[in-house]
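Note sheet for the following structure.
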Amino acid sequence: MELGERIREARLRAHLSQEKVAELIGVSRQAVTKWESGQSAPSTDNLFKLAEIFGTTVDLLIAPEDSAGSIAGEVCRMFREEELHREAERKHRRKRNAWTCLAVLAVYIAVYLTGKLLCWDPGEMALFPWIIDMTSSRHSYLFGWLLSSNLFHYSLLFSALMALVGLRRLSLTTLAGFLLGLPLGEFLGQLDFIVAPGYHYGWLIWGGIYLASWVMGFWLQKMEEPNLQSKQLRLWILICILLLLIIPVWVLLGIPGYARA
């Protein structure tokens with residue numbers, strides 16, 4: 001069976017008219033007619049578009065007998081290799097995204113268990129009920145606030161979802177912002193020689209760092225292929241470091257009413 005006949009059969013199986021196929025590909029109806037009648041052959045790009053529209057593959061559109069021992073055979077072989085390469089890349093990306101998502105979940109679970117165990121009093125409650133309890137007042141201030149406000153869960157879901165859909169840099173950057181903001185906010189937010197007694201502004205330090213990580217993550221995501229030789233990546237690193245220094249200082253010393261009178 002010739003290539004044109006295969007295109008026609010695939011079009012009929014997909015219940016599409018020549019006009020609709022031409023519209024989807026961006027060519028004239030006459031071009032589709034010539035392909036099906038064998039007067040001309042679609043280009044490489046158009047063959048891939050046809051395969052996508054018909055829900056098939058280029059390999060099935062071009063029969064081996066149509067191409068053996070000819071220039072068309074070499075083209076067919078290149079089509080197949082390119083399609084296999086694309087499919088392998090898609091599988092690799094899906095696998096990489098899934099593993100990144102699992103790693104993000106594992107880190108958040110480790111943070112959760114560490115925060116719970118550091119505050120656990122064996123005399124007050126058994127371990128398992130304590131681990132699943134989200135309301136206890138015995139949590140450290142910032143960790144407890146993140147749990148009670150559900151920001152812990154929202155942050156987890158955001159980073160995991162971004163990894164799953166392929167935005168790995170954004171996922172890992174927001175994860176890093178969460179991890180850095182938690183200890184800095186917990187420690188710096190209650191320093192008695194800076195903050196007035198009875199106040200705790202760890203939530204604001206964590207929030208500033210975490211929101212900054214969103215901005216930096218979106219920026220990093222838009223970079224082509226970050227490498228340490230890139231001026232853009234060096235600028236990104238420099239701004240990250242400055243933000244880590246500025247945000248806690250700004251919260252603790254720069255906001256009227258937050259610093260000790």
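Observations on the structure shown:
- Exposure check, 1.4 Å probe, all protein chains in place: H85 carries approximately 110 Å² of accessible surface.
- Most to least packed among 156-164, 232-240 [average Cβ atoms within 10 Å]: 156-164, 232-240
- Ranking W206, W120 from most to least accessible surface, computed with a 1.4 Å probe over the protein chains only, gives W120, W206.
- Apolar share of the accessible surface for segment 1-54: 45 percent from carbon plus sulfur atoms, 1.4 Å probe.
- Under 24 Å from the Cα of K95 - lysines, other chains or at least 8 residues apart: K222
- Sorted peptide list for 45-51, 174-180, criterion being average Cβ within 10 angstrom, highest first: 174-180, 45-51
The values are calculated or read from the model by the stated rules, or taken from the named source; none is laboratory data. Just so you know, these numbers come straight off a predicted model, no measurement behind them. Ideal geometry is used to build each Cβ from the backbone, glycine not excepted, and the neighbour counts take in all protein chains shown. Ligands, DNA and RNA are excluded from the accessible area calculation, which covers all protein heavy atoms including side chains. Shrake-Rupley method; radii C 1.70, N 1.55, O 1.52, S 1.80 Å.
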